[in-house]
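The values are calculated or read from the model by the stated rules, or taken from the named source; none is laboratory data. Note that this is a predicted model, so its numbers are computed, not measured. So basically every Cβ, Gly included, is an ideal-geometry build from the backbone, and we count neighbours across all protein chains shown. Each accessible area value is taken on the protein alone, full model and side chains, heavy atoms only, with ligands, DNA and RNA left out. Shrake-Rupley method; radii C 1.70, N 1.55, O 1.52, S 1.80 Å.
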Amino acid sequence: MTFVSFVAHMAAMMTHYDILVAGGGINGAAIARDAAGRGARVLLVEKDDLAAHTSSASTKLIHGGLRYLEQYEFRLVGESLAERERMMQAAPHLIRPLAFVLPHDRSMRPRWMMQAGLFLYDRLGGKSRLPRSRSVKLASDPMGAALKGEVQHGYVYSDCWGDDSRLVVANALDAAERGATIMTQTRLDAAQVVDGQWQAQLHPAGGTPFTVSASAIVNATGSWAADFARAFAPKSAGGSLRMIKGSHLVTRKLYEGDHAFLLQNNDGRVIFTIPYEGNFTLVGTTDVDWAGSPDKVDVDFAEIAYLCKAVSDWFRTPLIPEDVVSTYAGVRPLYDDESDNPSKISRDYVLKYDKQSGAPFLSVFGGKITTHRALGERAADMLQVDLPHMGTAWTATATLPGGDAGPRGLAGIFEDIAVEAPFLDSATVERLGQSYGTRFRRILKGARSIADLGRDFGGGLSQAEVDYLLREEWATTAEDILWRRSKLGLHMAADRHAEIDDYIAQKSRTLAQAQ
């Protein structure tokens, strides 16, 4: 047990909560943040790590979802685009503008349809700081250099890339700094209503089970939400989930330039290729019904072949499975609208709130990472009915931790790191700025040389950064650090992973001896 988890465990054992949030994905963290900022006493529990499942397995986009216009999801697209603007302001280090090239093939969608869709997309979310869409001659424009010669025309539109797992952590940090208790590696084993209050038994990994009370429970367990509701609040308003697996490939860098592609596929779907981690390209995603456990989701060869073919149909240089350096997959827990086509199931969220079990119980079904703030606000509004001491909505104009960059933005953060730590290489300066924003000083702590940061784990990861992640961001394993708090796992040898786990184990033993 790390220091931060030990402190959280002790705090949880000593108090009653207004709200117990089950689930440490983006929606659970957003609800905890909003409610804590309104003055509610909040406990969030997560059986694994923050963002351990769906919330770290997205396509890393903060967008309205251009393709959802074909499904007439105008409300969802409009809300998502408005949220995109808010998130650029709230977390300029984690959310960055990205140009998307949309090549045209008249056999798939007529030009008038694409122009009409982009016209709507530019305007549905209200005023935007991003450039509006434009037509482009891809045969002569450098943006089209990677495409086959017969691709003559297309469009460029704007959206955003986002660090999904760090967004979860940022929401959890803000919640904690506003008074919430965050407990990872902690299962909720049982819950029942006693005298109008929830009594919940929690079981921390490697620890002793204990019971807390709460006025309301929020079921933000994602892929487990339907099962959770049936197990702990069978009288509550239920919901049916459709599990859709989305798989992604990380490949060698497929083209020059910092733009992404939105490629139409001949089955009616679209595929993204996105610049990723400097030397790589992210390709995704699939939409496949999933009947297995959400705990372990693998990419199968058929999906790899599908994505490779979809890219090869457009690019001059074919993408082959041997070009894939890494894969990941997640299960999207979508609210089941009984659509026959997995790609056409709504990505909108549904909140079910009632007191049929004797105390408030709120379940979250569906949703997408872009709308997490709005979902958190709406959920807190619903909870406020039975918790009237909660304050009013506040997150629409608030920054996330590290996002208070001021008018200089992310470039100013890079400048500050370079000035305060001139011994760091440019890649590490950029990574620290993009990951932590203005909170980079919590890692550097006035270091005057690289030696002051302690042990070097490779890839620019120092002992000082590892200690910070263990101390303040609920990391407990090398996997937490290398694949969710960062993506350094792509850049480091496997033996380094074991080295970090050994270091964490030693830190834990030292803590245990001191208690």
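Structure notes:
- The amide H of Tyr349, built 1.01 Å from its N in the peptide plane, has Gly367 as neighbours under 5 Å, considering only residues 5 or more places off or on other chains.
- Rounded to whole Hz, the Karplus (6.51, -1.76, 1.60) HN-Hα couplings of the range 409-424, x for glycine and proline: x, 5, 4, x, 5, 4, 4, 5, 5, 4, 6, 7, 9, x, 7, 7
- FRET efficiency, 1/(1 + (r/R0)^6) with R0 35 Å, evaluated for Phe119 and Asp267 via beta carbons: 0.85
- Note: relative contact order over the range 220-310, using C-alpha pairs below 8 Å and six or more positions apart, is 29 percent.
- Residue-by-residue Karplus 3J(HN,Hα) for the range 400-407, coefficients 6.51, -1.76, 1.60, Hz, glycine and proline x: 8, x, x, x, 7, 7, x, x
- Built amide H within the under 5 Å cut-off of Gly179, gap 5+: none
- Over all other residues within a Cβ to Cβ distance under 9 Å of Pro97, the charged ones net out to +1, with Lys and Arg as +1 and Asp and Glu as -1.
- If R0 equals 35 Å, the separation of the Cβ atoms of Phe210 and Asp501 corresponds to a calculated FRET efficiency of about 0.80.
- Spin-label pair Phe423/Gln89, simplified geometry with 7 Å Cα→Cβ offset, distance in nm: 4.0
- Accessible carbon and sulfur surface of the chain relative to its total accessible area, %, 1.4 Å: 53
- Among 430-440, 447-457, 197-207, the peptide with the highest mean count of other Cβ atoms within 10 Å heads the list, and the full ranking is 430-440, 197-207, 447-457.
- Mean sequence separation of contacting Cα pairs (under 8 Å, at least six apart), scaled by the length of the range 96-163, corresponds to a relative contact order of 53 percent.
- Structure note, pairs Lys137/Lys309; Lys47/Lys445; Lys245/Lys296; Lys60/Lys296; Lys253/Lys296: Cα-Cα distances above 22 angstrom occur for Lys137/Lys309; Lys47/Lys445; Lys253/Lys296.
- Antiparallel bridges, percent of DSSP beta bridges restricted to the chain (to nearest 5): 80
- Whole-number percent relative contact order across the chain, with pairs defined as alpha carbons under 8 Å at least 6 apart: 21
- Global geometry of the range 70-209, whether rounded, prolate or oblate, following the gyration tensor of its Cα atoms and the 1.5 cut on a/c: prolate
- For the range 485-493, 3J(HN,Hα) computed residue by residue from phi via the Karplus equation (6.51, -1.76, 1.60; θ = phi - 60°) reads 5, 8, 10, 5, x, 6, 10, 10, 5 Hz, glycine and proline entered as x.
- Average accessible surface area per residue within the chain, 1.4 Å rolling probe, Å²: 41
- Annotation: amide H of Tyr17 within the under-5 Å range of Ser213, Ala214, Ser215, sequence separation 5 or more or interchain, hydrogens built in the peptide plane.
- Adding -39500 (n - 2.57) for every DSSP H run of four residues or longer, then dividing by how many residues the chain holds, sets the calculated 222 nm ellipticity at -9500 deg cm²/dmol.
- Estimated inter-spin distance, Arg134 and His16, nm [label 7 Å along Cα→Cβ]: 6.2
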